[in-house]
Structure formats: structure tokens, C-alpha cells
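The values are calculated or read from the model by the stated rules, or taken from the named source; none is laboratory data. Since this is a predicted model, take the numbers as computed values, not measurements. Because the Cβ atoms are built from the backbone with ideal geometry, glycine has one as well, and the counts that use them run over all protein chains shown. Heads up: the accessible areas ignore ligands, DNA and RNA and are worked out on the full protein's heavy atoms, side chains in. Shrake-Rupley method; radii C 1.70, N 1.55, O 1.52, S 1.80 Å.
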Amino acid sequence: MTSNDLRGREPKVTFWTDVLEQLRVSDIALMLLIPVVLTVVYLLPMPIQRSFTLDFANPSIVQLWSSAYVHNGLMHFINNVVAYCLFIAPSYVFFVLADERQLFRYIFFTFVLIAPPIIALVNIVFIGQGTGAGFSGIGAAFVGLLPVSIFVFIRNRVSTEVGPSNGTVIFLVVLGITASIYSGIIAAAGILVVSCLLLLFDIRRTGLEEVRRLVSELTSMNGYFMFMLVALALFLFSPVMLFPQEIVQDNHAVNILSHYAGLVFGFFGPAVFCIYRR
């Protein structure tokens, strides 16, 4: 399918009508399964919850998965559930509007089944002592998925000249914001310069005329465009939630390594898969 073919595919319905037509009860039930599982685990007796916690120095195979679904206190549990719901919802919307429901499901199961041991092993290798628990690493993966879902939507509904790899520019901006929290303004500026150079490269590769047409078509899509702006703003705000300046909260250290690992896995895993899938 060419860009010319896509130009005639102007939405004939409003954004919210389109979204409601695409919603499936099975998808909603699938997404709600995570908060249900997290709640059930949180209500288990404390000795059982402790047995699920990952011991970095002496891990068990079960703990590589179970540690992602147990939490250190009520606020830890609530924060992870809220963050998960906040980011998976717009990603799901963009995927189904792009007619990529099956791709969303593949990514979902990858995140909840394969990402936990990967993030756990990262913690074991780089931390090596203490314990770890919480869904925040997997939640960070769903944060990283958001820009991928946006560019999948753009590719399928607006222009085949762009794709998930173009989201790297926005991803680098978030890394720059994160760097400003812990590494200072110089590191952040360096990452943002790289992001700007990559943006110029993407514009040159796509073609200025196609970029103008793309921007014009996106801004004419009313509700779709506004929803996209809100989603992008949410993604750009994500470092504030994932990487607090105060590492120790409620007598527990925030495992920012898990957040980094989840965020990187959540963006580059699906982005690379989408590239080779095409």
C-alpha cells in the first residue's frame, strides 16, 4: 500500500465513535487481568508474599517471575496499578485503530511473561545483593510501548513512509529528561542534541514534502490528533513517575535500574519486531 492509497482514507466517523467500534470485551478483560492478579497477590498472607520476592544473591526460578507481581506496601501497589492502567490504555487504542489488535496481544503476553525474568536477571547481574519486588519494571515497558503504538498508527493510517523506528527521536528526549534528573544538564543536552540530529536525518530520509503532507493530514484528524498530543505529553512526563529524585521512598529504595531496563525493552523490543515484521 502506497502513501497515495492512504490519502483517501480520511476517517468518516468521529474519533470516539471509531474507538468504541474497535473496543472488544476480550481485550478489556485481558488488560484488566493484570490489576486483578496484582490485587490477589497483594491480599495473600505476608509470608507467601515474602517467598515471591526476588533474592538477588540467591534467586529461584519461580522468583524470576513472581517478584514482578508482589509489592512492598500499599502505595507501591497502588502506584504500579495506576501507572499500568494509565499507559496501556492509550497504547491499546492506537494499536486497534491501526488494525493491529493481534500485534498488541503478542506484545502484551511478551511483556507479562518474558519481560519479568529478563528484568530480574538484569538486577541480579548489576545489583547482585538485596531483594526486589514490584511490577514497575513491567509497567515501564508499557510506558516505552506508547510511542511505538503512536507510530504504528501513523504508519497504518496516514503514511507508510514512517514507522516505529521514527519514535526513537521522542524516546531519546525522554532519556534526556531522565539524564537531567541524575546526571546533570550536560548529559541531558548531549542526548537532546543526538535526538535533534536524528530528527533531521528522519526528515531528510522521508522527504520534506512528505513530512509537510503528514503534518497537514495529522492536524486535520481532529480528535485523533488531540489524543496523540495527550499521549505524547503523557510519555514525556513519564520520567517524573519512573525516576524520582529521591530514590528512597517509604523506607524502600526505588529500583530505577528495573525502570530503565523495562523502558528500553518496552520501546526497542516492539520497535525492532515491527521493523522485521514488515
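The combined condition, being open to solvent by less than 20 Å² (accessible area, probe 1.4 Å), at pLDDT below 95 and either of a type in the set (D, E) or over 30 Å from G132 (Cβ atoms) (or both), is not fulfilled by D250. Please enumerate the residues belonging to the range 22-51 that are modelled with pLDDT under 95 and among the β-branched types (V, I, T). If the condition is that a residue be modelled with pLDDT under 95 and among the β-branched types (V, I, T), then I48 is the only one that fits. You will find that of V211, V215, V264, V230, the residue that is over 24 Å from Y84 (Cα atoms) and open to solvent by 40 Å² or more (accessible area, probe 1.4 Å) is V215 and no other. Restricting the range 97-132 to residues that are closer than 18 Å to H259 by Cβ and without any contact (Cβ under 8 Å) to a residue 12 or more places away in the chain, the residue that is surrounded by the fewest Cβ atoms within 10 Å (Cβ to Cβ) is V125. Hey, among the residues in the range 73-95 that are in a helix (DSSP H, G or I) and of a type in the set (G, A, S), which one's surrounded by the most Cβ atoms within 10 Å (Cβ to Cβ)? My answer is S91.
Of all residue pairs spaced 6 or more apart or on separate chains, those with beta-carbon atoms under 8 Å, a first member in the range 178-202 that is of a type in the set (D, E, K, R) and a second member that is open to solvent by less than 50 Å² (accessible area, probe 1.4 Å) and part of a helix (DSSP H, G or I) are D202/N166; D202/V169.
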